[in-house]
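So the structure is just underneath, and the comments pick up after that.
What follows is calculated from the coordinates using simple rules that are stated; it is not laboratory data. Quick caveat: nothing in here was measured; it's all calculated off a predicted structure. Every residue, glycine as well, gets a Cβ built from its backbone with ideal geometry; the counts of neighbours run over all protein chains shown.
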């Protein structure tokens, strides 16, 4: 016997690279190419160091209220965490304690199975169809919970809220998490469902559409009783999760709806011409409702493109996984960044 | 059956109040009364909003390196988290997976049993002696792990490293966590043990001695292989825990050793005269090596003092728990704050 026998052995999630070089075209972790709102700059300039000696508000009231107001909810329907990863980990801990398997697609955010494995939660992946679309019937069998990313990652494919509601209706005894990390780039939010069903939980993040990945702010929205269970577990893990800068700067970001809408629209406009260019070059992909595309080429291996781009300072994401090994997930950056990507592809001979 | 049957039911930790009023004398959550280093102010002033659009470095390399340098360790011996609460929660998850009980004192940081309950870890509290001192022999029986706060909270009592090493030697097959949240106020750190024993883990925090509770930075120090297990679980929970402001400002704080030493010395100097005043007023307490005192009065009920102080704008901490119900934990503030505390006690008739 050794202490090492009692170690929780896990295979951790591998995040995309965060290169320290300056002139990289970084299209590998779905960050927003535009700076955060000038209101964030202003709040940062006005921030003083002195209050940092005190613990932050454990309830992060200011931030939670701002989120609640933005979405027309009461404060007790909102939970804030350290990015949606923290929120989702807490949700898995709080709600997925059944002996029945939690269901999610075989191709989806690759952290779901990591959390399940780490927390020893039984799960069963459901294959997407050949066009990477969910088969709703797969989520209508016995289960211990359901997780659906909408739009899905890394595919970018969105499903209508009506489909989600159909799944919810078929599962009154399960928690259904709808992970809407990318919803602001063109998908329909399932948020209205939280007023009708106390077993639906919506998660969103400031990391993509609000250009604040560096602050780590995510949130869940659900019925008050559901959020209460989540808060109980959170307060059993870490009382003060949201630090002072997150609370202050996150709140400032929410006050600037115009910036948010304008930058999201710019990303969508770039996505539009980028899709056309990819099509012209012979790439195949499903319609994306997110700030990335998931592309494949009939003649050139994804891994080769990935390596070539990387060697030329353009980082995209390649997953060494079944069914998607010949795909690349490419973040929508600024027009000039996408131009450089296409130059590289042409240099490589894809024309 | 309902989804509520699968909810993880917990009794959460209750943090001390964070009142929003301005003129409170806040001696209830062991914050440092002095502002953070001017180097933090400088780094805050130089911080720009633009980098916030990017994910922070998942390894928090800059901060981890600064901590490693400060303590003469290699980077792979340091793990940073969102306050020591996050670090401790991760440690419990990573290392306490035995069927044997984890051992810690009956009177100690009240989050240990919350984590154990939340994670369904068996545990067994060991009674402190009547002077609130650890009985080392209690930690020399079969166990699934050991947690010792040194100095202990809420008592302030420290034990020598020799005693800790004795416990470590008796437990080669257990992980021993030494929670040194308050060590910089006068206790001896067990850090040298990590070079000799791979089953010893030291945790510390920026929240007290470095005046940065608002940033939420804690850290663990241990042998590289031990830290690796911890990192695997961390990367299975949330890749990016330390946000950009924490990394930048925390690193700045570490660069100012002079400020750190001077403010700690000031707290210790105040503690010295405060102890004398408490003694003169008839209070009883053990010698404290922390930035708080744990006091009781033979004639006046702690709860009455707590209520009286609170009504007069002086917040201290009272725990409604066995053995310590007649004690108050009082943070060492600035001299003027302690003067106001003693004025209140005198007004109350304690002379």
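Computed quantities for the displayed model
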item	result
Per-selection Rg to Rh, chain B - Cα, Kirkwood hydrodynamic radius	0.97
Bins of 5 Å, starting at 0 and running to the largest distance - Cα pair percent for segment A:110-219	2, 11, 21, 24, 22, 14, 5, 1
Rounded Å value of the spacing that divides the Cα centres of segment A:277-351 and segment B:130-194	55
Span from the segment A:60-114 Cα centroid across to the segment B:209-261 one, whole angstrom	24
Relative contact order %, segment A:53-254, counting alpha carbon pairs below 8 Å whose residues are six or more apart	28
Nm distances between copies for residue B:301, ranked from closest, using label points 7 Å along Cα→Cβ	7.8
Position residue B:272, label points 7 Å along Cα→Cβ, spacing to each other copy in nm (shortest first, one decimal)	7.3
Inter-copy label distances at residue B:326 (7 Å, Cα→Cβ; nm, one decimal)	8.0
Listed peptides A:117-126, A:16-25 by packing density, highest first (mean Cβ within 10 Å)	A:117-126, A:16-25
Number of partner chain Cβ atoms within 10 Å, mean per residue of B:53-62	6
Isotropic mean projected area of the C-alpha convex hull, the protein assembly as shown (nm²)	29.8
Average other protein chain Cβ within 10 Å of Cβ, residues A:7-17	6
Percentage relative contact order, segment B:152-267, counting C-alpha pairs under 8 Å, at least six apart	21
Share of pairwise Cα separations in segment A:53-254, more than 29 Å, in percent	18
Peptide A:80-93 - average C-beta neighbours from other chains (10 Å radius)	3
At 0.692 mPa s and 37 °C, Stokes D of segment A:60-133 from Kirkwood alpha-carbon radius, µm² per second	230
Within chain A, helix-based [θ] at 222 nm, where runs of 4 or more DSSP H residues each add -39,500 (n - 2.57), nearest 500	-10500 deg cm²/dmol
Values of log10 I(q)/I(0), in the order q = 0.19 Å⁻¹, for segment A:16-151 under a Debye, Cα-only, solvent-free model	-1.24
Axis-nearest residue in chain A [Cβ, rotation onto B], distance in whole Å	A:245, 2
Average Cα contact separation per residue, chain A, under 8 Å, 6 or more apart, as relative contact order %	24
